[in-house]
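Report on the following structure.
The values are calculated or read from the model by the stated rules, or taken from the named source; none is laboratory data. Please read all numbers here as calculations on a predicted model, not as lab measurements. Positions of Cβ are backbone-derived with ideal geometry, glycine not excepted, and every protein chain shown enters the neighbour counts.
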Amino acid sequence: MIKFRSLSKSARTGITSYSIILLAFAILFPLQNLGIINHSISGQLVPICTYIVMALSLNLTVGFLGELSLGHAGFVSVGAFTGVIAASSLQDKVSPDPLRLVIAIIIGGIFAGIVGLLIGIPVLRLRGDYLAIVTLAFGEIIKNIINCLYVGVDNKGLHFSMTDIKSLGMENGRVILNGPQGAVGIEQIASFTAGIILILFTLFVILNLVNSKAGRAVMAIRDNRIAAESVGISITKYKLTAFITSAVLAGMAGALYAMNYSTIAAKKFDFNTSILILVFVVLGGMGNIVGTIISTVILYMLPELLREFSDYRMLIYAIILILVMLVTNNDRIKLIRANASAAIMSWLRKAMSRTKNQPKGKEDAHNG
Amino acid sequence: MDRMVPYPSNSIVPERDVDKRPVLETHHLGIDFGGLTAVDDFSITVGRSEIAGLIGPNGAGKTTVFNLLTNVYQPTRGDIILDGVSTSRKTTAQINKMGIARTFQNIRLFANMSVMDNVKIGMHNSINQNLLSAFTHGFGYRRSEKASRDEAMELLEFFNMEDVAGAEAGALPYGAQRRLEIARALATHPKIILLDEPAAGMNPSETAELMENIRRIRDNFNIAVMLIEHDMNLVMNICEGICVLDHGKVIAKGSPDEIKSDAKVIEAYLGKKKEADNNA
């Protein structure tokens, strides 16, 4: 058997993150189908999955590329509304729900990617925090554009307007996007299974990218830009690669997220949402994939679990955030934690070799 | 040591390189920072297999010359011709692709990555891997990764570093970090490698090993070497052509023997001689 600890760090990250997701699916899927978990939690399963994808994709920009993005919700928004428009207009043409969902997710990803490209080309050439400023503005601009966008579909095709429904000029058409009300009459075709598949896809893309020539180039740029340039790495090209990949994945998550609700408004994807995703990434650890997944689940569920504190809910949430930040950044606590985990590991290994009571087991414990 | 002969007319290269096109030429290169002229009228020629030295007192503009050659700074005046092609308006990355690799005075490794990954990043432009295979880990991914791993390992073996391939680059001892930086630069398949104070902070035995390594680099990889160094023992021992810079200007060019006895060089390093010394 290959020893887990002897594997490379990236292989361990891959195995750990895939198994967490698959294990969660194996436990929660039957529970959800049998109706054992209560309704409020089972309703959160798809949003949690999509938030994990949003956080993982933002981690690509913030953790692996080392650029700060404050408008990640903007890409989610682009993906959500283009996805909804795609799904609604294909309602009669493509009948299987899962297929329509896949098409919507792909279209959401493509459009978010195009927007990412348009933003990235001018901004990623610059050094400094310009990306943060521009993405911050972009998030707000997208929100306001969608707020006054009207989209409808009839048998002639899609109709767009920036004024009102009447000016769409439809006959017997359906309204998909109704200005400030957002998308209305969405078919709720999102499912927990789709969410898990999207997370697995995201992990596949990110882990593969990180362990490739392109991924090494991205991390080289983050670690030492001048050295990266000196070995012939084109800075703009690889910054764009990482940024667009991040935008595409965010757009896919947005499309799936929107399909989980019957209506969804643009103000759902505002600055606060961008910051929320950023908090998941920062507390999970920049560039840390397993940490991002865990922190997203915990921090997303926390407000739900704190519901009984009603008014003090967000106060407690904030205090917990601060405490986590202090604990994860305090060297002394880090040392205590490292010692504790080392002690637990050695105890476990001893216990295991005792139960096995074989020379090989002992050897393993010694080497491991 | 090879006799130095003029090429084309006002420069000198080792005899064996005379018939070949020089790997690097600069013509009247200069840069101003605001009103300050950091380097002026810098013209040199480096032969295809030459080990060239760039020396001078602190603040003479030696590292600035390296930054000009790699276009970290855009030259205000003059031309750089690399193997017959001008490098003007090229980015640092493009110049590296054209054949100039370098190391840095203050080591710039990718400290959090493994030694192997540092070398692989150096091989960036020679690894045949597109984005599709990067995202899917199919379509030739394994083949390209294996090829790059093998080549990186060969380079590490050249520097006796194969045992630390998996170690974190930042955790290596100082001398090993310097060697790794050279290995990473060589991984880019350069025609000329620029070494910025490769012996800084090394003890005599490490310096001796470095000298041997620099000769081996020139002979095995068939490239030219240009180095900035304050260790005169090293410079005088391995460099064939030496250029002395003071206050941004070339004050002397020639073989080590010529440089050692050049009055201007002695003045730049030791100050002006007294009348009495001159007469003695």
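The criterion of being surrounded by fewer than 17 Cβ atoms within 10 Å (Cβ to Cβ), in contact with a Ser or Thr (Cβ under 8 Å, 6 or more places away or on another chain) and away from chain A (no Cβ under 14 Å) holds for B:ASP79. Is it the case, given these coordinates, that A:ILE121 is within 21 Å of the chain's Cα centre (by Cα) and at negative phi? It is false that A:ILE121 is within 21 Å of the chain's Cα centre (by Cα) and at negative phi. The condition (being away from chain A (no Cβ under 11 Å), over 21 Å from the mean Cα position of the chain (by Cα) and surrounded by 15 or more Cβ atoms within 10 Å (Cβ to Cβ)) is satisfied by just one residue among B:ALA147, B:ALA152: B:ALA147. Scanning region A:38-58 for residues that are of a type in the set (Val, Ile, Thr) and surrounded by fewer than 17 Cβ atoms within 10 Å (Cβ to Cβ) returns a single hit, A:ILE41. Looking only at residues in region A:218-262 that are small (Gly, Ala, Ser) and surrounded by fewer than 24 Cβ atoms within 10 Å (Cβ to Cβ), which one is farthest from B:TYR141 (Cα to Cα)? If we take residues in region A:218-262 being small (Gly, Ala, Ser) and surrounded by fewer than 24 Cβ atoms within 10 Å (Cβ to Cβ), then A:SER262 is farthest from B:TYR141 (Cα to Cα).
For region A:164-193, a residue qualifies if it is modelled with pLDDT of 85 or more, over 30 Å from A:ASN33 (Cβ atoms) and out of contact with any strand residue (DSSP E or B) (no Cβ under 7 Å at 6 or more places or on another chain), and the qualifying residues are A:PRO180, A:GLN181. Could we say that A:LYS268 is within 14 Å of chain B (Cβ to nearest Cβ) and assigned to a helix (DSSP H, G or I) here? In short, no.
Summed over region A:200-236, residues that are more than 8 Å from chain B (Cβ to nearest Cβ) and of a type outside the set (D, E, K, R) total 11. Across region A:78-117, the number of residues qualifying as of a type in the set (Lys, Arg) and either touching an Asp or Glu at 6+ places or on another chain (Cβ under 9 Å) or at pLDDT 95 or above (or both) comes to 1. Filtered by the rule that a residue be closer than 17 Å to A:LEU45 by Cα and either without any contact (Cβ under 8 Å) to a residue 40 or more places away in the chain or within 14 Å of chain B (Cβ to nearest Cβ) (or both), region A:178-199 gives a lone residue, A:ILE197. Consider region B:92-117 and keep the residues that are more than 18 Å from the chain's Cα centre (by Cα) and facing chain A (nearest Cβ under 9 Å). The one that is surrounded by the most Cβ atoms within 10 Å (Cβ to Cβ) is B:PHE110.
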